[in-house]
2 protein chains.
Amino acid sequence: MPLPATPPRRATIRDVALEAGVSRGTVSRVLNGEPYVSAEARTAIERAVAKVGYVPNAAARNLARRRSQAVGVVVHEPHSLFLEDPNIGSILLGANAALSAADHQMVSLVIDSERDSRRVVRYLGGGFVDGVVIVSARRDDPLLAAVARLGIPAAVVGRPPGMPPVPFVGIDNRAAAQAITERLLATGRSRVGMVAAALDRDSGADRLAGFRAALGDRFDPRLVVERPLYAYGAGRDAMRELLEREPTLDGVFAASDVVAAGALDAIRDAGRRVPDDVGIVGFDDSVWALRCQPALSTVHQPAMDLGRKAAESVLAQMHGGAPQLEGVMLDTHVVWRASA
Amino acid sequence: MPLPATPPRRATIRDVALEAGVSRGTVSRVLNGEPYVSAEARTAIERAVAKVGYVPNAAARNLARRRSQAVGVVVHEPHSLFLEDPNIGSILLGANAALSAADHQMVSLVIDSERDSRRVVRYLGGGFVDGVVIVSARRDDPLLAAVARLGIPAAVVGRPPGMPPVPFVGIDNRAAAQAITERLLATGRSRVGMVAAALDRDSGADRLAGFRAALGDRFDPRLVVERPLYAYGAGRDAMRELLEREPTLDGVFAASDVVAAGALDAIRDAGRRVPDDVGIVGFDDSVWALRCQPALSTVHQPAMDLGRKAAESVLAQMHGGAPQLEGVMLDTHVVWRASA
């Protein structure tokens, strides 16, 4: 499909073709996510896109397609968790607020399996949405690579390791986890463990790194129990395991509020008092934190703003703005309540 | 757009045009949701569609459009509630299970305002999904009328009053509400009230009707407090109001589990014991029922199956099956626990 002239100073598809040493048709096929292009050509084109700073021209693409006035929000979590974790809910609410204000339809797509992942890529590449926000992507997530290849306006909430050059909105999980762990240690606890979760995501891995940094020489890997997901059941079961491993445990950092809610119930079931016997802190400052008994000390993260900023980035790209690849980092702070 | 020949015995667009006394082009425009058709012609065509039993031929329509392999699930609730109510979540899980098994993408669309409603109709009419499941539609919902007019494969969870001829999957809310209220009365309660909700939907209105039927002559309208939504905060606030109106209240039926969870906290905050002073029962048998302290007596409704059956109906229509307009009713049963 021929593209109209682009504004001066902006790299064109021709520049990409020249740089990659392939035809413009091949570049088009790769950018449109079509199959039957050699891996070699694909790699050369992706490198060339990055080198010449080519930004697909949304207006030109839309001439060839009916506009959907819709933006996809892809959540890469089991469907059940998507409904259990109010943090994901808040991110969606924020994204919806920005999209709705611009009269765009938010379309939620959940990736629960590899098959879903392929189907979502097909959907995104089919012109059924004009842009996409991606939530909770994994390390080297093939979805991110596919989105970068399609060249549709996109933004990521978080900053998964190995991500291609796509705008992102995140928080400093490592520094925040270190801050809340230090605050927990300052209450005089001596045997402090962690229920870690989602280590295949930047949030999970960085929170563990922050916990480790706060403990320094006192870090004991035996006092870390890992679970794959931020889930209530994961927190409850992992906490049981932690108390079995270390009956003298007197403090715990749970990787999210919903994990902390499960852990808190396990501590109570074991006949221990919170915060007297065991102090517990979470991460998110979601509705779970206030429903915990006692109310949970935690890290406030601006979940709605993460969704809103990511959606605003996508809208700006849809209107021809260049993607801001350096990313946006939002502030967090410790909220101290009664659980530690 | 001309349609190819349809199978024998099946009504065609020509039959609709003859019956309505308009051109085939006008029928096409109405069925495709295009504007600029007189209200008179639209009404005549809608009547003719019903009379001749015309079923839009999905295969024919898809020849003219790229298939999306996606099915929309429209939830007509505030976005925040969509994430708070596990009943909606379970319906989505069930729909996703059926769609995923058929390798179709579930696309969730939330309607939170009138503007959203118009945008969703535009999206559904734009060929971006191949079918649609509608959850929690309201009385005389314009979305249902629009979907019927578009003629896309559709199914409704519930059976809102005034709905056009669209397949539906539901439960008998009235009989189930009557059964749980009678069980509550059988524990020897004498002053029994209700926190009613969502009276603009069949579920809310029918649950109130069932409560009323169980009480018979003892029904006292002063002991019913209404709220617009099935929400935790609504249950808490309405219960406070109910206890102020009637301090001797000793039983309450909450219109859903999440409403009951809020009501239960309000009863406890008022210094009353559950079930000793006040017996409380809910509706749904969602995760909220088991998280309540004490565990909630409630009505089990097969939420996942509602979503699954509705999605299966849409898939069957997409593959050329005729819509089953008589609807499907699923079973419910009382689950008796410790809260009454």
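Please treat every number below as a calculation from the coordinates, not as lab data. Small disclaimer: the values here were computed from a predicted structure and weren't measured. Please note: Cβ atoms are built from the backbone with ideal geometry, for glycine as well, and neighbour counts cover all protein chains shown.
Backbone phi angles across the stretch B:316-332, fed through the Karplus curve with coefficients 6.51, -1.76 and 1.60 (θ = phi - 60°), yield HN-Hα couplings of 4, 5, 4, 8, x, x, 6, x, 8, 6, 6, x, 10, 10, 9, 7, 10 Hz in residue order; Gly and Pro are listed as x.
To the nearest 0.05, what FRET efficiency results for A:Ser113 and A:Glu241 with a Förster distance of 30 Å applied to their C-beta separation?
Taking R0 as 30 Å, the efficiency between A:Ser113 and A:Glu241 is 0.65.
Would you mind telling me which residue in A:Val328, A:Val52, A:Val71 has the biggest mean-square fluctuation in a Gaussian network model of chain A, where springs connect alpha carbons within a distance under 10 angstrom? Between A:Val328, A:Val52, A:Val71, it is A:Val52 that shows the largest mean-square fluctuation. Across chain A, C-alpha contacts under 8 Å between residues 6 or more apart give a mean separation that, scaled by the residue count, equals a relative contact order of 19 percent. Amide H contacts for A:Gln301 (H built 1.01 Å from N in the peptide plane; partners 5 or more residues away or on another chain; cut-off under 5 Å): A:Asp284, A:Asp285. Taken one residue at a time, the phi angles of the stretch B:95-104 give Karplus couplings (6.51, -1.76, 1.60, θ = phi - 60°) of 4, 5, 4, 5, 5, 5, 4, 9, 6, 10 Hz. Gly and Pro are set to x. Helix B:257-269 and the longest principal axis of the C-alpha atoms of chain B enclose an angle of approximately 20°. The mean count of C-beta atoms from other chains within 10 Å of the C-beta of residues in B:118-130, rounded to a whole number, is 4. Cβ crowding within 10 Å, taken as a proxy for footprinting-reagent exposure, orders B:Leu150, A:Leu99 from fewest neighbours to most as B:Leu150, A:Leu99.
With its label point defined 7 Å out from Cα along the Cα-to-Cβ axis, A:Ala145 lies at 5.1 nm from the matching points of the other copies, in increasing order. For the stretch B:173-300, the ratio of Cα radius of gyration to the globular rule of thumb 2.2 N^0.38 Å stands at 0.90.
Placing unit charges on each Cβ (+1 for Lys and Arg, -1 for Asp and Glu) gives chain B a dipole about its Cα centre, and among B:Ser23, B:Ala338, B:Ser80 the Cα reaching farthest toward its positive end belongs to B:Ser23. Computed from Cα atoms, the angle from the helix B:202-215 axis to the main principal axis of chain B rounds to 40 degrees.
Shielding value for B:304-315 is 0, the average number of Cβ atoms from other chains within 10 Å of each residue's Cβ. Spatial offset of the stretch B:294-340 relative to the stretch B:209-273 amounts to 25 Å, using the alpha carbon center of each. Rounded to the nearest 20 debye, the dipole size of chain A about its Cα centre is 1060 debye, using +1 on the Cβ of Lys and Arg and -1 on the Cβ of Asp and Glu.
For the residues of A:102-113, the average number of beta carbons from a partner chain within 10 Å of their own beta carbon is 5. Shape summary of chain A, radius of gyration then Dmax from alpha carbon positions: 22.4, 72 Å.
The long axis of helix B:114-125 is offset from the longest Cα principal axis of chain B by roughly 40 degrees. Mean residue ellipticity, 222 nm, helices only, chain A: the sum of -39500 (n - 2.57) across DSSP H runs of n ≥ 4, divided by residue count and rounded to 500, is -13500 deg cm²/dmol.
Annotation: for a label point projected 7 angstrom from Cα along Cα→Cβ of B:Leu330, residues of the stretch B:157-177 with backbone N closer than 17 Å are B:157-160, B:167-177.
Each copy carries a label point for B:Arg115 at 7 Å from Cα toward Cβ; from one copy, the others' points are 3.9 nm away, ordered from shortest. Relative protection proxy for A:20-31, B:295-306, from highest mean packing down: B:295-306, A:20-31 (other beta-carbon atoms within 10 angstrom).
Each other copy places its own label point for A:Gly320 at 4.8 nm from this one, sorted shortest first, where the point lies 7 Å along the Cα-to-beta carbon line. Take every Cα pair under 8 Å whose residues are at least 6 apart in sequence, average their separation, divide by the length of the stretch A:173-300, and the relative contact order is 26 percent.
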